[in-house]
1. Which loop-located trypsin sites (Lys or Arg not before Pro) does segment 84-130 contain, where loop means any DSSP state but H, G, I, E or B and the Cβ has at most 14 other Cβ atoms within 10 Å?
2. If you take the square roots of the eigenvalues of the alpha-carbon gyration tensor of segment 50-206 and sort them as a ≥ b ≥ c, do you get rounded (a/c under 1.5), prolate (a/b over b/c) or oblate?
3. Please report, in whole Å, how far the alpha carbons of segment 25-74 spread along each principal axis, starting with the longest.
4. Output the peptides 128-134, 140-146 sorted from most to least packed, where packing is the average of other Cβ atoms within 10 Å over each peptide's residues.
5. Might you tell me the accessible area per residue for segment 2-200, computed with a 1.4 Å probe and given in Å²?
6. Given a 1.4 Å probe and every protein chain left where it sits, what share in percent of the accessible area of segment 2-200 is carbon and sulfur?
7. For the chain, what is the mean residue ellipticity at 222 nm derived from helices alone (per DSSP H run of n ≥ 4: -39500 (n - 2.57); sum divided by total residues; nearest 500 deg cm²/dmol)?
8. In terms of modelled amide H atoms, which long-range or inter-chain residues lie less than 5 Å from the amide H of Ile89?
Amino acid sequence: MFITFEGIDGSGKSTQARLFSDWLTKKYSNKKILLTREPGGWMGGELLREMVTDGTLKHQWSEAYLFMLDRCEHIAKVIQPALDLNADIVCERYHDSTLAYQVWGRGLPLEVFDTLALESKFPVPDITLFLDIPPALAATRVAIRGNIDAFESEGIMFMSKIREGYLLLAKRSPKRWITIDVSHGTVEEIFEVIIDSILTRGYFND
Ligand code: TYD
């Protein structure tokens, strides 16, 4: 199974993705479980990650091309080999981040990225967990965490546009997307909701 975690900055994706991959590892001791992320989940990806998050790129399309390049290499070097081994993959951010951030956030055309994903044969996730949070609350969490990158410093309006994008993407593929309200509850409570929704949909019931 290929499971992705999506959400605006400060939605708690890293924590929940890690808890979920730990849960899978415990449940299936004889199966390979891979926890990875974009941008930067492959050798060389960290350099690329720095380029897009330090805010120095000038051309309107540079950022989008870098994320797409990052994804292509991540798929070829990490995701596809794991899928070939029948592993379960938990990936923090994936192509839907490009759709939400570069299309709804930056205003680039959706059709281009839909076409590129098809032509580049990007594997489609089986489940996408969208951790939904009001942008103002997420901004408070990001501010507390510190280490603010170029996207996080764009502000609440930018994050609101991205959230709108995620909500529309969830509507577009309701079978794949599971929206989780993470505006209240402890980390453990939210994790329980995630597991419940996954089991309710008939996944990982064995
Ligand atoms: P992320 O790993 O979520 O940052 P952090 O670990 O600092 O929370 O990703 C860095 C930023 O890149 C994040 O603000 C979202 C953005 N991003 C895009 O704009 N497009 C993409 O395709 C991806 C994968 C990320």
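The values are calculated or read from the model by the stated rules, or taken from the named source; none is laboratory data. Here the structure is a predicted model, which means the values were calculated and not measured. Cβ placement follows ideal geometry from the backbone for every residue including glycine, while neighbour counts extend to all protein chains displayed. These accessible areas exclude ligands, DNA and RNA; they are computed on the full protein's heavy atoms, side chains included. Shrake-Rupley method; radii C 1.70, N 1.55, O 1.52, S 1.80 Å.
1. Details: sites: Arg93, Arg106, Lys121; in loops: Arg93, Arg106, Lys121.
Hits after loop and neighbour filter: Lys121.
2. Values: a/c = 1.65, a/b = 1.09, b/c = 1.51.
Oblate shape, in that a/c is at least 1.5 and b/c is the bigger or equal ratio.
3. Per principal axis, max minus min of the Cα coordinates gives 47, 18, 16 Å.
4. Going from most to least packed, we get 128-134, 140-146.
5. Working: 9880 Å² over 199 residues.
Per-residue value: 50 Å².
6. Details: 5700 of 9880 Å².
Of the solvent-accessible surface of segment 2-200, carbon and sulfur hold 58 percent.
7. Values: 9 runs with 98 residues, N = 206.
Rounded to the nearest 500, the figure is -14500 deg cm²/dmol.
8. The answer is Phe2, Ile3, Leu34.
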